1. Here are some residues: S115, S149, S145, S119. Which one is in the same structural domain as R182 (by TED's automatic domain parsing) and either under 17 Å from Y356 (Cα atoms) or touching a helix residue (DSSP H, G or I) at 6+ places or on another chain (Cβ under 6 Å) (or both)?
2. Search segment 361-389 for residues that are in contact (Cβ under 8 Å) with a residue 60 or more places away in the chain and surrounded by 16 or more Cβ atoms within 10 Å (Cβ to Cβ) and pair each with any residue that is in a helix (DSSP H, G or I) and small (G, A, S) when their beta-carbon atoms are under 6 Å apart and the residues are at least 6 apart or on different chains.
3. So if I check each of N240, N228, which one is within 16 Å of the ligand (Cβ to nearest atom), open to solvent by 10 Å² or more (accessible area, probe 1.4 Å) and not small (G, A, S)?
4. Taking the criterion of being touching a Gly at 6+ places or on another chain (Cβ under 7 Å) and under 30 Å from V432 (Cβ atoms), would at least one residue in segment 123-133 satisfy it?
5. Identify, by number, the condition in (1) among the hydrophobic types (A, V, I, L, M, F, W, C); (2) open to solvent by 50 Å² or more (accessible area, probe 1.4 Å); (3) more than 16 Å from the ligand (Cβ to nearest atom); (4) not assigned by TED's automatic domain parsing to the domain that holds D50 that F86 doesn't meet.
6. Yes or no: segment 288-299 includes at least one residue that is more than 16 Å from the ligand (Cβ to nearest atom), among the hydrophobic types (A, V, I, L, M, F, W, C), out of contact with any Ser or Thr (no Cβ under 7 Å at 6 or more places or on another chain) and in the same structural domain as T109 (by TED's automatic domain parsing).
7. Quick one: which of L298, L315 is farther than 27 Å from L173 by Cα and either surrounded by fewer than 20 Cβ atoms within 10 Å (Cβ to Cβ) or modelled with pLDDT of 95 or more (or both)?
8. Test of understanding: among P38, P54, P93, which residue is under 26 Å from the mean Cα position of the chain (by Cα) and open to solvent by 40 Å² or more (accessible area, probe 1.4 Å)?
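The values are calculated or read from the model by the stated rules, or taken from the named source; none is laboratory data. Computed from a prediction, not measured in an experiment: that's the story for all the values here. Quick reminder, even Gly has a Cβ in these numbers, built from the backbone with ideal geometry, and neighbours come from all protein chains shown. The protein model used for the area step is the full one, side chains on, heavy atoms only, and it has no ligands, DNA or RNA in it. Shrake-Rupley method; radii C 1.70, N 1.55, O 1.52, S 1.80 Å.
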Amino acid sequence: MTLRDKMQQEQQAKTLYKQAQNYAFEYADEALVRNVFPSGQALAELRHFDEDLPENSGDAKAILEQLHQYGSPASVAQAGGRYFGFVNGGILPVSLATKLLTDFWDQNTALYVMSPITSKLEQVCEEWLRQLFGLPDTTVAGFVSGTSSAIFCGLAAARYRIFKNHNWDFNQLGHSGAPPIRVIASSQTHGAVVKAIALLGFGIDNIEWVDCDDQGRIIPGAMPALDNSCIVLLQAGNVNSGAFDPLQEICDNANAVDAWVHIDGAFGLWAGGTKRLAHLTEGMEKAHSWSVDGHKTLNTPYDSGILLCRDKDALVMALQASGAYLNFSENRDGMLYTPEMSRRARAIELWAALKYLGSDGVDELVFGLHERAVQFAGELTSAGFTVLNDVVFNQVIVAPSDNDETTQSILESIQQSGECWLGSSVWKGKKVIRISVCSWVTSEQDISRSVQAFIQARQSVCGK
Ligand SMILES: *Cc1c(COP(=O)(O)O)cnc(C)c1O
């Protein structure tokens, strides 16, 4: 039998797909109850993947079986309710189901002619996001892999526009001999912003750093004088404290001198899509570009980042696309707004999430995360732990001890319990435990159970 015949049989019989579905359903049940982090045994069993590249075509069923037997237990159960590490979102059932269906479509979203349905739903998402966030009518959206990529696009657009305003065509002329661009960022800027600055050739040493207050918000009075060569980087959602920069005041100052403002709101921008937390992002609509993830706060599947930009020309020119064979259309051609040409149809899962939730649902989802974070902080405080930040959004910073080594031991003890999973960070020079409440699944019981894990870990490390 040829390889083609074999695959055709698999395609027609569909038993493989059904097998994958059975495993997936088994996993979905398991993920909610099992230990959050893989057990030591599960990690050791990863040795089953240490194999030579086979010479002959394998058995598809056996491949799936191996993956489920040794892969599923070695995954992190972040679809469950007690994963608080990094800022990783859960997954909405409607978006997961949409992904299952559209995986069968396997659409390439570069051009309208490659996938009219994806082009349509990208256009709908763009319009809905504009409405939800109250952004200017000219705002366009690029659907990229994550916020890192979105920031890169926003800053590329900024660079294009600022140079253009100084009669410098960056695409043609590049950096050599170009007029200077100033980059202004808070001392609490996320590493993904620093990465974009480095990639785009601005130079990390050239960043004009601005001091922050005790919550990690940029201090407006500490800003340098701005001019029309400036790119100002603000955050909606500090990755440790969840704090929001004072967007309104700084955007007003930047707009008065024609400086470009980019707001990195990877997880926090969604506050601006709610009713009850919108005060946190007041003035955000006055910026020029925004980066946000679907896969964090909104709980769409990975990977789903969004770049929003009010200056379509600058974005499209900065990401410049050319090629005689590209049939651009009157409709939306997605590749004009992204660095990639070929891309999966991630906007469809975002569309499903937004359609399912509606604006009230976005409010309920995001405010729910905030309420759980407030509960977490409250119960920890009652148990004698020190919470270091004002819990304005979904992030909680805990210092279980003044001693970094003790904090690390308590953290490891919690992680080893398998009850919940959290990571660490450094806050004001001190090692801390960082909690991010990011999944719709997380219940009040999940929080209380996780607080118990804190108490038990402290007991086993400190004996009290
Ligand atoms: C997560 C995060 C990023 C990076 O986003 P990715 O989707 O992981 O690329 C950037 N900024 C902030 C504030 C974040 O929380």
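1. On the way: S115 fails: either under 17 Å from Y356 (Cα atoms) or touching a helix residue (DSSP H, G or I) at 6+ places or on another chain (Cβ under 6 Å) (or both); S149 fails: either under 17 Å from Y356 (Cα atoms) or touching a helix residue (DSSP H, G or I) at 6+ places or on another chain (Cβ under 6 Å) (or both); S145 fails: either under 17 Å from Y356 (Cα atoms) or touching a helix residue (DSSP H, G or I) at 6+ places or on another chain (Cβ under 6 Å) (or both).
The conditions single out S119.
2. Hits for this filter: V362/G273.
3. Values: N228 fails: within 16 Å of the ligand (Cβ to nearest atom).
Answer to the check: N240.
4. Residues of segment 123-133 that are touching a Gly at 6+ places or on another chain (Cβ under 7 Å), as a first pass: 132-133.
Of the ones still in play, those that are also under 30 Å from V432 (Cβ atoms) are none.
No, that holds for no residue.
5. (3)
6. Going residue by residue through segment 288-299, those that are more than 16 Å from the ligand (Cβ to nearest atom) are 288.
From the residues that got through so far, the ones that are among the hydrophobic types (A, V, I, L, M, F, W, C) too are none.
The answer is no; no qualifying residue exists.
7. Working: L315 fails: farther than 27 Å from L173 by Cα.
Checking each option against the conditions leaves just L298.
8. Values: P38 fails: open to solvent by 40 Å² or more (accessible area, probe 1.4 Å); P54 fails: under 26 Å from the mean Cα position of the chain (by Cα).
After ruling out the rest, the residue left standing is P93.
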